[in-house]
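Structure, as structure tokens:
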Amino acid sequence: MIIREVNKNDLLSVAKVQVESNRTTYKGIMPEEYLNNLSYKVIAKGWDERLFNENRKEFMYIAETDEGEIVGFVSANLERVNDLFEGEVSSIYILKEYQRKGIGKLLIKEVVLKFMENSVRNMILWTLEKNPSRLFYEHLGGKIVGERIINRGGKELQQFAYVWEDIDCLL
Ligand SMILES: CC(C)(COP(=O)(O)OP(=O)(O)OC[C@H]1O[C@@H](n2cnc3c(N)ncnc32)[C@H](O)[C@@H]1OP(=O)(O)O)[C@@H](O)C(=O)NCCC(=O)NCCS
């Protein structure tokens, strides 16, 4: 498995991973119509705007098989909060057939290395209370520090914030 920075040509494949992984992960959690309406093209365009603009704050790594198939990705932000920097993982999605093979851990490690290069020592991410994958974050030592409600397709959903006060433990 190759982990590398994303480039523009990858974005449609990244969007496919996101849509397929969203559909398997959020089935029964988010409204069916919302999941059915997710569009590869719209999502790819959104990533293009977020990742490849002059003021880019967000970055992305992808997981690619030796045959060149993109099967997962992680995106993250270097956020400045008052005088402190904080790292936020904004999304991590892997195709169902490639989950639980260690790829998620590899992607998070890459993000942690980038945070460290930028003097970021702690990390936050938001995930749905109902997402069974949040056990992944608990397994990696994340602690719940907050909650909020988001709306997806007209349905209100609870999210939890997980924090790592010292990201050293993720290497
Ligand atoms: C969550 C996700 C990114 C984790 O990546 P992954 O490649 O499947 O996880 P890994 O194989 O790297 O697992 C790392 C460790 O966490 C544990 N773990 C992973 N997912 C778990 C789960 N759902 N329940 C319990 N433990 C889990 C593994 O057992 C593993 O333990 P080990 O290091 O002792 O072997 C991936 O499963 C995924 O994309 N899920 C669907 C999309 C999703 O929910 N994304 C998060 C949205 S916030």
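Applying the selection to region 154-165, what residues are open to solvent by 50 Å² or more (accessible area, probe 1.4 Å) and modelled with pLDDT under 95?
Residue satisfying the conditions is E165 alone.
Is region 142-151 home to any residue that is at pLDDT 95 or above and crowded, with 16+ Cβ neighbours inside 10 Å?
yes
Which residues, counting only those in region 9-24, are in contact with a helix residue (DSSP H, G or I) (Cβ under 8 Å, 6 or more places away or on another chain) and β-branched (V, I, T)?
Kept after step one, since they are in contact with a helix residue (DSSP H, G or I) (Cβ under 8 Å, 6 or more places away or on another chain), are these residues of region 9-24: 11-12, 14-16, 18-24.
Across region 9-24, the qualifying residues are V14, V19, T24.
Scan region 94-110 and give yes if some residue there is of a type in the set (F, W, Y), within 28 Å of N55 (Cβ to Cβ), near the ligand (Cβ under 10 Å from one of its atoms) and open to solvent by 40 Å² or more (accessible area, probe 1.4 Å), otherwise no.
Within region 94-110, not a single residue is of a type in the set (F, W, Y), within 28 Å of N55 (Cβ to Cβ), near the ligand (Cβ under 10 Å from one of its atoms) and open to solvent by 40 Å² or more (accessible area, probe 1.4 Å).
Cβ-Cβ below 7 Å, separation at least six or inter-chain, first residue in region 128-155 and free of Cβ contacts under 8 Å to residues at least 12 places away in the same chain, second of a type in the set (D, E): which pairs?
I149/E156
Could you say whether any residue in region 138-148 is within 8 Å of the ligand (Cβ to nearest atom) and farther than 28 Å from P31 by Cβ? Even if it seems obvious, please write down each step before you answer.
As a first pass, look at region 138-148 and keep what is within 8 Å of the ligand (Cβ to nearest atom): 138-140.
Still in the running and farther than 28 Å from P31 by Cβ: 139-140.
Yes, some residue in region 138-148 is within 8 Å of the ligand (Cβ to nearest atom) and farther than 28 Å from P31 by Cβ.
If S13 meets every condition in (1) surrounded by fewer than 17 Cβ atoms within 10 Å (Cβ to Cβ); (2) over 30 Å from V145 (Cα atoms) apart from one, which number is that one?
All conditions are met except number (1).
The values are calculated or read from the model by the stated rules, or taken from the named source; none is laboratory data. Being a predicted model, the structure only gives us computed values, none of them experimental. Here Cβ is always computed from backbone atoms with ideal geometry, including for glycine, and neighbour counts include all displayed protein chains. To get the accessible areas, we keep the full protein, side chains included, count just its heavy atoms, and leave off ligands, DNA and RNA. Shrake-Rupley method; radii C 1.70, N 1.55, O 1.52, S 1.80 Å.
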